[in-house]
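Values quoted throughout were computed directly from the atomic coordinates according to the rules given, and no laboratory measurement underlies them. These numbers were taken from a predicted model, which means no experiment stands behind them. All Cβ positions, even for glycine, are placed from backbone atoms using ideal geometry, and neighbour counts span all protein chains on display.
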Amino acid sequence: MAFDAIFQPIEIGKLTIRNRVVSTAHAEVHATDGGMTTDRYVKYYEEKAKGGCGLCICGGSSIVSIDSPQGWWSSVNLSTDRIIPHFQNLADAVHQHGGKIMIQITHMGRRSRWDGFDWPTLLSPSGIREPVHRSTCKTIEEEEIWRIIGDFAQAARRAKEGGLDGVELSAVHQHLIDQFWSPRVNKRTDQWGGSFENRMRFGMEVLKAVRAEVGDDFVVGMRICGDEFHPDGLSHDDMKQIAAYYDATGKVDFFGVVGSGCDTHDTLANVIPNMSYPPEPFLHLAAGIKEVVSAPVIHAQNIKDPNQASRILEGGYVDLVGMTRAHIADPHLIAKIKMGQVDQIKQCVGANYCIDRQYQGLDVLCIQNAATSREYMGLPHIIEKSEGPKRKVVVVGGGPGGMEAARVAAERGHDVTLFEAAEALGGQITIAAQAPQRDQIAGITRWYQLELARLNVDLRLGTRADEAALLDLRPDVVVLATGGQPFLSQFPEWGYSENPEESLVVSTWDVLSGKVAPGKNVLIFDAICEFSGVSAADYLADKGAKVEIVTDDIKPGAAVGGTTFPTYYRSLYQKEVIMTSDLMLHKVYREGDGLVAVLENEYTGTQEERVVDQVVVENGVRPDEALYYALKAQSRNNGVDLEALYAAKAQPCLSEEGEGFLLFRLGDCTAPRNTHAAIYDALRICKDF
Amino acid sequence: MLEILLPILIFSALAVAVIGAVRRIRLWRQGRPSKVAILRGLVAMPRRYLVDLHHVVARDKAMSNTHVATAGGFVAAAVLMILVHGFGLGSSEGLGGIQGWLLLAASACMFVGSLFVARRRRNPPARLSRGPWMRLPKSLMAFSLSVFLITLPTVGVLPEGFLQGTGSWILALVLAAVLVWGLGEMVFGMTWGGPMKHAFAGALHLAFHRRAERFGGGRSTGLKALDLEDPEARLGVETPSDFTWNQLLGFDACVQCGRCEAVCPAFAAGQPLNPKKLIQDMVVGLAGGSDAAYAGSPHPSQGLGGKPVGEHRGTPHGPIVAREGKALVDADTLWSCTTCRACVEECPMMIEHVDAIVDMRRFLTLEHGNTPGKGAEVLDNLIATDNPGGFDPGSRLHWAADLDLPLMADVKQTEVLLWLGDGAFDMRNQRTLRALVKVLRAAEVEFAVLGNEERDSGDVARRLGDEATFQSLAKRNIATLAQYRFQRIVTCDPHSFHVLGNEYGELGGPGTPARYEVRHHSTFIAELYDAGRLAFAPWKGGSVTYHDPCYLGRYNGEFDAPRNVLKALGIEVKEMERSGFRSRCCGGGGGAPITDIPGERRIPDMRMNDVEETGAELVAVGCPQCTAMLEGVVDATAEVRDIAELVADALVERPTAPKSTGVQQPAVEEVTP
């Protein structure tokens, strides 16, 4: 039977998990109100359980002590009994759908930030600063060690009393337990440092205290690293020794294994591998741990599709697979496998929008699924068919917003036509996918292509919709998602012209789409610092160009998230791309066969010049508004009703009688935002059509 | 002159017929013994003929009237003819002359009937055999007309001396010749292998039928067990004489009407099976010879034209299926059958095609080990793992890991034993099972499952001819069931339902009555609804048709409960042309998907075309096998859902639900996108 390996139940401790798929612990950020789980939190996990996920481990870095930094990621607070009734709601919600739920508990020690909320003094075995959060800490005292051990036990008790199925002790990501383990952080010479047994002592005392508190009929697992990837850090062999040491106590019900440490920007990127990584890049590390332990092993990291998951499980590398981002993209992944609808699974593309928001202290959202973590607002993962009138819906634009609008309208049972000027769907996603190591972003488009075909949407590709063609269809609703064009005309000094022969600058779109050939010596000016600038730099360097990328912002790629800029930097540095900040593109002029770019320092006003053969400018998008203004006066409604939109309620005009069509516009043709914004607007506008 | 000639003709015809009958009976008696209540059968025969057989024939009103007139006329005319013209009791002094008039009336009636037979033969449908059958209407007319004419002087309509004198001599001779033709066909032919053989063999077949329970409206569909302990008995049927004598008699009763051919899904799919031809092949075999005289449509074969007629031959004691080359029947003919029983249900002679096919399969599987396609693998799986898919027998409950189902081993007794079937290993059927669990819990039914103690019911093994594996599975299941107390078994699998309900009884030890009753889930759900234990939200979906699973409908007569459940859901079923007892098989029974004999098209495709013709957007089913077959159809216009799923989706809380006592089970729900 296909996917049979996924659907083998497994015993973890005394708990039966219905299948082998786990949503592993991550900080939800939207999770809590003062450390207490919210309705939003409960609904987020309930959806996964409803969708068939076997085990959810919630609450990445949920704190056991009041001095573990909590505020930045809005972690769940297990340092107080107030959490117990909140857990009961959470447990009931998941259990009623046959799922199981545990929570990760930890003391983060020196990790995260101290400058907020209770302004905690961070703690670490030897007071050594953590690079990734720029945080300093004190050296932990003996009394504090014993207090925190007790806090772990109390936190576990609260989880148990709240009806959760277990706790996962975090000894990964350089939290306090593995800070004690790691000789590069633990320089102590007392009983808590030095020898292997001494470095293991804190974790062991935590494990003993927790097990003593909760007894045998409650799952206690440990999440550990497979290899810190630091020359002076814990190696894979060290980790095997550690895992075997704890496993031998018989007190650990499972091990979760994460490849790579994460206390530098570069190692952090390994932990949640983005689309530049191969599938399951660190599986071998988890398999190595499985070799030496008797407890079941869970491994996540770039396991995104059911075939891959089956292959890993069939190979016996690990006992359970973490498909965490896969569930953020599609919480109904398991149900769709069971329904024989594998093609309908919205597969994670590794854009890491979710985790990159988390590292900015923002709620975890999915780039391509606007319903995720908005279940509490009534945004649906499964669009119900409308019971109202069948409408003729015309969508203009086949980018993410337009595709989502067409999908949602078609799921509602309407007759949908989609116009796209290009020969293929995708819009800016198609351009973004041209960059090296960014091809998987096109997975967003691929899913929509399959869905729109399944839903029999009338696709008019290669067809630019004009007013007449559109009104010919006698639409009831027109959705404009026409996007925009690169905004190169903002400063006349740049020498942009619509005539490509005359224009002194080209856009990143021109470069990535292959519309203009790569130059040999290229200056990229990037005013936006999102993906497009660094993607163009990587693309041009890949084609053999000498590239300098200049920005007037903090640094090139400054707006690319924490798990993705490192992979760009690895590539750009390797290709000797020069990255320069604080310079504004002042002027471009032609000199002989070449071009001269005049750059002006933001802070001193001094100018410098570059002689190049191609100047690429990334200055964002200018909305394409022509069609909107041509149709606006004829439409029945007056644009989007914001109150309804923000409340995710039906647009009031949908229930009003009248002649003519309703007009909505969304995505970049309103104002340039991002993929998620376009898809979110499309979903919340169209879900009530 | 005729007074002398007629008795001679009549009695010599009868004498020759008796010799023919003796020879024919000896052919049948080549078969193995079979316990038959001879006298009781003969006494019951007229009623079986006039009521049970006529009930089947009457599905075609015109043909039924034609047959009543012709056959009724003939029987009356033949008896009266013997009295009037054979014994000379025709003169007015004898019985007051009435018998002559009656004979006139009978022969006239028969003549009218034969006109309709003739009309039918003018453009006969493909299913009817030609050959000697084409002359039958003329023979009927010859008999009836000549009898009528020779009787006219007897009753005095024509003067007594009409047929005397020289001119009349010639007329009398012509009449006598026509009568000889008529007598030849109707009396001599009846026992010497002419078309009229059906009347003689048919009457005796009805008297000595191997499933006497079928008469009087009964249903007898369970396969009969093979005695595996008898060292003398061959395992299954290798040669025609390995059939029991009354089976051979049954084959000989075939009237070649081709109703079986018209309803056979394998035939329609162009697979090499034509049930009529198969029965005729058996007739060839019991008498010895080749099939060259067969005049109906042949066994289809992949490609064009069908298997050529005349190349197969056999003898009563020679093999039916050759190990190499050709004998009477090719193996792929036997393996094309889906055991859907459409032929049996349709046969006016109540011939048991499926029994015969399984008997022959038994030999091929048990003695030769020649089960084609995936058959051998499936049987190996059943032997090794107790399930046809070869799944880990300990994983039968994996689909329910989160449902906390009570196990019989723990509870020991319960109201309902939920029999899972091998669909428990199939992801599609697991959805049906989960839906059924949800329904049972909503109705607060006390139930439990055997879990890993359950084994395959043995259905597939038995129909693939592996009686040994069937009996091994069945006996172990029976032993397991015997450990527990429950009121009834409920299952969503009609195959398990049939085997547990109709075939286990014979194995439970002699004379032991069934300890339990078995219900198909649609029947049980209908009962729960009628008892007010379920309430449904109004149906909001599109139009729906219903596909009758063979093993629920034809095998067990349950046509109403599924329709009642759909009605309770607020669904008005758009019936397919072939529904109810005439439902077309999905192609999934009898191990047919396992042996996978190629044809020109697929049976489930044809069935989904039937669905499409109704315009339904959804076809409701009640069988895991049907679901799998119909869902496997590419580009189907309708969705396939089990009745349990439709019910589970429509569940709403009962307005006056009594407070549940016991522990409330969580209603485990998954999204169905």
Could you name the lysines in cross-link range of A:LYS14, using Cα to Cα under 19 Å and dropping any fewer than eight places away on the same chain? A:LYS100, A:LYS160, A:LYS208, A:LYS251
Exceeding 29 Å between C-alpha atoms, which entries from my cross-link table qualify? They are B:LYS197/B:LYS374; A:LYS338/B:LYS540; B:LYS412/B:LYS438; A:LYS346/A:LYS649. B:LYS197/B:LYS374
Region A:488-619 - charge dipole about Cα centre, Lys and Arg +1 at Cβ, Asp and Glu -1, debye rounded to 20: 480
Only sites in a loop by DSSP and with at most 12 other Cβ atoms within 10 Å count here; which GluC sites (Glu not before Pro) in region A:624-664 make the cut? A:GLU656, A:GLU657, A:GLU659
With bins of 10 Å, the percent of all Cα-Cα pairs of region A:488-619 per bin from 0 is 13, 48, 33, 6, 0
Taking only pairs that are 8 or more places apart or on different chains, how many Lys pairs in region A:488-619 have Cα atoms under 13 angstrom apart? 4
Ranking A:PHE661, A:ALA243, A:PRO486 by how far each Cα lies towards the positive end of the charge dipole of chain A (+1 on Lys and Arg Cβ, -1 on Asp and Glu Cβ), the top one is A:ALA243
Ratio of Rg to Rh over chain B (Cα coordinates, Kirkwood Rh, two decimals): 1.05
Directionally averaged projected area (convex hull, Cα atoms, region A:10-377), nm²: 15.7
If R₀ is 45 angstrom, what is the calculated FRET efficiency for the pair B:ALA531 and B:GLU377, using the beta carbon separation as r and rounding to 0.05? 0.50
Obtain the nm distance between the two label points defined at B:VAL56 and A:THR121 by a simple spin-label model: each point lies 7 Å from its Cα along the Cα-to-C-beta direction. 9.8
Principal axis extents for the protein assembly as shown, Cα atoms only, whole Å, descending order, please. 148, 75, 64
A:GLN96-B:ARG234 pseudo-label distance in nm [points 7 Å out on the Cα-to-Cβ vector]: 6.6
Divide by every residue of chain B the summed helix terms, -39500 (n - 2.57) for each DSSP H run of at least 4, and state the resulting mean residue ellipticity at 222 nm, rounded to the nearest 500 deg cm²/dmol. -13000 deg cm²/dmol
Using just the alpha carbons, could you tell me how many Å³ per residue the convex hull of region B:2-207 encloses? 140
Note down the relative contact order for region A:391-504 as a percent, whole number, built from C-alpha pairs under 8 angstrom at least six residues apart. 36
Modelled FRET efficiency - R0 60 Å, B:GLU600 with A:THR16, Cβ distances, 0.05 increments: 0.75
Ranked from fewest to most other Cβ atoms within 10 Å of their own Cβ, B:ARG441, B:ARG122 fall in the order B:ARG122, B:ARG441
Work out how much length A:GLU659 to A:ASP466 would gain on full extension: take 0.36 nm times their residue separation and subtract the Cα-Cα distance, in nm to one decimal. 67.4 nm
Cα-based convex hull volume of region A:201-359 per residue, rounded to whole Å³: 138
Identify, among B:ILE82, B:GLY131, B:SER144, the residue whose Cα sits farthest towards the positive end of the charge dipole of region B:2-207, taking +1 on the Cβ of Lys and Arg and -1 on the Cβ of Asp and Glu, with the dipole about the Cα centre. B:GLY131
Taking only DSSP H segments of four or more residues, each worth -39500 (n - 2.57), what value at 222 nm results for chain A once the sum is divided by all its residues, to the nearest 500 deg cm²/dmol? -9000 deg cm²/dmol
With charges set only on the Cβ (+1 for Lys and Arg, -1 for Asp and Glu), what does the dipole of chain A come to about its Cα centre, in debye to the nearest 20? 1420
At q = 0.14, 0.19 Å⁻¹, what log₁₀ I(q)/I(0) does a Debye calculation on the Cα points of region A:7-141 give, no solvent, two decimals? -0.67, -1.00
About the Cα centre, and with charges only on the beta carbon of Lys, Arg (+1) and Asp, Glu (-1), how big is the dipole of region B:378-652? Nearest 20 debye, please. 480
Quantify how strongly other chains surround peptide A:13-24 by giving the mean number of their Cβ atoms within 10 Å of each of its Cβ atoms. 1
With r as the distance between the Cβ atoms of A:ASP688 and B:ALA322 and R0 = 60 Å, compute the FRET efficiency 1/(1 + (r/R0)^6) and round to 0.05. 0.30
Based on the alpha-carbon gyration tensor of chain A, what equivalent-ellipsoid semi-axes (square roots of 5 times the eigenvalues) come out, in whole Å, largest first? 45, 33, 21
Which GluC sites (Glu not before Pro) in region B:279-379 sit in a loop by DSSP (not H, G, I, E or B) and have at most 15 other Cβ atoms within 10 Å of their own Cβ? B:GLU311, B:GLU324
Taking the dipole of the protein assembly as shown about the Cα centre (Lys, Arg +1; Asp, Glu -1; charges at Cβ), the one of A:LEU123, A:ASN456, A:MET108 that reaches farthest to the positive side is A:ASN456
A correct fewest-to-most ranking of A:CYS686, B:CYS586 by other Cβ atoms within 10 Å would be A:CYS686, B:CYS586
Given region B:395-467, report the % of alpha carbon pairs whose separation exceeds 18 Å. 42
Taking the beta-carbon count within 10 Å as an exposure proxy, list A:ILE312, B:ILE489 from fewest neighbours to most. B:ILE489, A:ILE312
Peptide B:396-403: average number of partner chain Cβ atoms within 10 Å per residue? 5
Simple label model, 7 Å out from Cα along Cβ direction - A:ARG673 to B:ARG488, nm: 5.8
Rel. contact order, % - alpha carbon contacts under 8 angstrom, at least six apart, region A:10-377: 18
When we measure straight from the Cα of A:LYS187, which lysines land under 18 angstrom away, once same-chain ones fewer than 8 places off are left out? A:LYS138
Region B:102-231: Rg/Rh from Cα coordinates, Kirkwood Rh? 1.18
Averaged over all viewing directions, the convex hull of the alpha carbons in region B:378-652 casts a projected area in nm² of 14.1
Straight-line reach from B:LYS35: which lysines fall under 23 Å, measuring Cα to Cα and dropping same-chain residues less than 8 apart? B:LYS224
